[in-house]
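Any read-out appearing in this document is the output of simple, stated calculations on the displayed coordinates, not a laboratory observation. Keep in mind the model is a prediction, meaning the values are calculated, not measured. Cβ coordinates were reconstructed from backbone atoms using ideal geometry, including for glycine residues, and neighbour counts include every protein chain displayed.
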Amino acid sequence: MKFAGCEAARAFREIGRERRAKAARALSLEFFARVGIIDQKTATLLALTPRESATKLLNGDIDVAVLMGAWESPAVQRLLTAAEINLVSIRRADAFVALYPYLNRLVLPAGVADMAANRPRTDVVLLAPKASVVVRGDLHPAIQYLLLDAAVNFRVSFGGTR
């Protein structure tokens, strides 16, 4: 195994992109079906990047976009500051967290995207998946440390905190 902070972070990014799209699709189907919004057998969920989703939503080509990513990402920021877009709170978020222990309930404060325009206009309740790094018990401690360091650096590079 070859590990350098930059290369490890790049590898995590590539894995993250593919997994995030699959995870977003699976979570969207599960949640929408659970609350009776869609029928999983007949629903059409498009495989779009966050940028494509934002563009299509703003152009009126799609009705809803579900994005998994940091609120600081360009696509999310574009939507948060667009006057014609309404961010919707997740109703019964606490119930989702109880049913799906891998989720966290978060609150996006009113005005955090644009304080002058007060976007979003109210606090918005969101759900976010928890992140875990799991390794074999016999993996050398130095490699474990490098993996954790790369994961932290990856998170920080996308707007997270240490």
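Values as computed for the structure displayed
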quantity: Cβ-defined net charge surrounding L99, 15 Å radius [Lys, Arg +1; Asp, Glu -1]; calculated: +3
quantity: Pairwise FRET efficiency - I62 versus N118, Cβ, R0 = 22 Å, nearest 0.05; calculated: 0.30
quantity: Globularity ratio of the range 43-162, using Cα Rg and 2.2 N^0.38 Å; calculated: 1.28
quantity: Net charge of Cβ neighbours under 15 Å - reference S89; Lys, Arg +1; Asp, Glu -1; calculated: +3
quantity: Rounded, prolate or oblate (a/c below 1.5 giving rounded, otherwise prolate when a/b exceeds b/c) for the range 28-109 by Cα gyration tensor; calculated: oblate
